[in-house]
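The values are calculated or read from the model by the stated rules, or taken from the named source; none is laboratory data. The structure displayed is predicted, hence computed values, not measured ones. No Cβ is skipped: glycine too gets one built from the backbone with ideal geometry, and neighbour counts run over all protein chains shown. With ligands, DNA and RNA removed, areas are computed over all heavy atoms of the protein, side chains included. Shrake-Rupley method; radii C 1.70, N 1.55, O 1.52, S 1.80 Å.
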Amino acid sequence: MITIIRNAKVYQPEYAGIKDVMLIGSQIGALGENLKADLGGAVEVKEIDGAGLILIPGIIDSHEHILGGGGEGGFHTRTPEATLTGLTLNGVTTVVGCIGTDGVARNMEALLAKAHALEEEGVTTYVYTGSYRVPVHTITGDVMRDIMLLDKVIGVGEVAISDHRSSQPTFEEFARIAADIRVGGMLSGKAGIVNVHMGDGPRMMDFIWRTVRETEIPFSQFLPTHVGRNAALFESALEFAKAGGTIDFTGSLDDDDEVPVSKGILRLLDAGVSSDHFTISSDGQGSLPIFNEKGEFQGLGVGNASCLLKELRECVNKAGLPLELALKPLTSNPARILKLARKGRILPGCDGDICLLREEDLSLHTVIAKGQIMVAEGTAVVRG
Ligand code: ZN
């Protein structure tokens, strides 16, 4: 099957002009003008008119609770699993699944099965091994074996620190996890990322700073998330990004975070942080509990992947960022930090993961995952 998208404004995420993109099977075959695929009718060629549409790489969500999460308000507040259309209708074609607070009733075997299910339905999935807890609950018995032996495991997490829900690991335990996943990642050609859940405790990113200062483990091993949670944490994360680390904002539907994503990104750029060094993830399907200052549970929301395109629009419309820059934290940046070589870019040889957005309001028009049309004119044509 060959699909040619004609005359779209192509963002790789760098702006490449008005071009045609040809998908051959599951991959991007060519990017150019007046592309032709004449195979004498031997292969079906489908054409999509991209005029007036913006073509971008499919979104990579580097932190989503695809299995659902435990709810901090008791069993009846457990949050629901992700669905295929919950991803595709929000432009997500690659997702990294993780387990959060509840690493008992939500376990790695079930997370891996869920990741395989979504992959069979058409999107690309990976997982972090573990949950908030240390020692890390793995599938094979330890984090190094998990990353080396299980294709879908690309890191560990989300390990919780500086949070009243954290298992309060010691620094040595934390550094050992980073060391093991790093070496396991090297041996298996994967990122070996430590996805770190940042709570709002006063120790903030101390363990991460100490690891890069007191050991030989580099900044690039960590992807701390929820960095906009409070102003002090954001300042620490800004310093981390300035020093060469990559930080992850959690998108939100109502900007109730202390540092909203678009404002945070402006601050980073003003401070001289490279536009390569931040990502945005959804925390989708995760429980978003509200606690008072005594740590007492007050209520709970559920994360949703729809925050990602909303944050993209805010970066462009509110913060005035050029679209090609606003796209990086959702596409090429997570691809780089997670070492997903064929993801996050519009280039021949990359996977055929593409979103078409309407130029006037950046709303979703079409989603293609691995060459398969999942969403057409805003409607899901493949359902889970
Ligand atoms: Zn978290």
query = Which of the residues spanning segment 264-281 are away from the ligand (no atom under 16 Å from the Cβ), outside any helix (DSSP H, G or I) and not polar (S, T, N, Q)?
reply = 271, 272, 273, 276, 277, 278
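Conditions (1) buried (at least 24 other Cβ atoms within 10 Å of the Cβ); (2) touching a Pro at 6+ places or on another chain (Cβ under 9 Å); (3) in a loop (DSSP other than H, G, I, E, B), marked per residue:
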| site | (1), (2), (3) |
| --- | --- |
| 336 | no, no, no |
| 340 | no, yes, yes |
| 344 | yes, yes, yes |
| 349 | no, no, yes |
| 355 | yes, yes, no |
| 362 | no, no, yes |
| 368 | yes, no, no |
| 383 | no, no, yes |
task = Answer yes or no: is there a residue in segment 282-304 that is closer than 26 Å to residue 5 by Cα and part of a loop (DSSP other than H, G, I, E, B).
result = no
message = Please go through segment 79-105 and give me each residue that is away from the ligand (no atom under 16 Å from the Cβ), touching a residue at least 40 places away in the same chain (Cβ under 8 Å) and surrounded by fewer than 24 Cβ atoms within 10 Å (Cβ to Cβ), ordered by number.
response = 80, 81, 83, 84, 85, 86, 89, 90
request  = Scan (1) among the charged types (D, E, K, R); (2) away from the ligand (no atom under 16 Å from the Cβ); (3) under 12 Å from residue 127 (Cα atoms) for the single condition residue 61 breaks and write down its number.
outcome  = (2)
query = Counting just the residues of segment 141-187 that are open to solvent by 60 Å² or more (accessible area, probe 1.4 Å) and under 22 Å from residue 283 (Cα atoms), which one comes out nearest to the ligand (Cβ to nearest atom)?
reply = 164
query = Does residue 165 satisfy the criteria of being in contact with a helix residue (DSSP H, G or I) (Cβ under 8 Å, 6 or more places away or on another chain) and of a type in the set (Lys, Arg)?
reply = no
key: Total residues in segment 252-263, condition in a helix (DSSP H, G or I) and buried (at least 20 other Cβ atoms within 10 Å of the Cβ)   = 2
ask   = Of these, 14, 33, 72, which one is open to solvent by 30 Å² or more (accessible area, probe 1.4 Å), modelled with pLDDT under 95, more than 19 Å from residue 382 (Cα to Cα) and of a type in the set (D, E, K, R)?
value = 72
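For the structure I just gave you, tell me whether residue 287 is among the hydroxyl-bearing types (Ser, Thr, Tyr) and at pLDDT below 95.
Answer is yes for this residue.
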key: Residue count for segment 191-216, restricted to those that are over 21 Å from residue 291 (Cβ atoms) and in contact with a Lys or Arg (Cβ under 6 Å, 6 or more places away or on another chain)   = 2
ask   = Quick one: in segment 222-246, which of the residues that are within 15 Å of the ligand (Cβ to nearest atom) and farther than 20 Å from residue 274 by Cα is surrounded by the most Cβ atoms within 10 Å (Cβ to Cβ)?
value = 229
note = Checked segment 35-60 for anything charged (D, E, K, R) and either without any contact (Cβ under 8 Å) to a residue 12 or more places away in the chain or in contact with a helix residue (DSSP H, G or I) (Cβ under 6 Å, 6 or more places away or on another chain) (or both); matches are 36, 38
request  = Would you check which residues across segment 188-204 are within 15 Å of the ligand (Cβ to nearest atom) and touching a strand residue (DSSP E or B) at 6+ places or on another chain (Cβ under 9 Å) and list them?
outcome  = 193, 194, 195, 196, 197, 198, 199, 201, 204
request  = Determine which member of the set 219, 249, 207 is within 16 Å of the ligand (Cβ to nearest atom), open to solvent by 10 Å² or more (accessible area, probe 1.4 Å) and in contact with a Phe, Trp or Tyr (Cβ under 8 Å, 6 or more places away or on another chain).
outcome  = 207
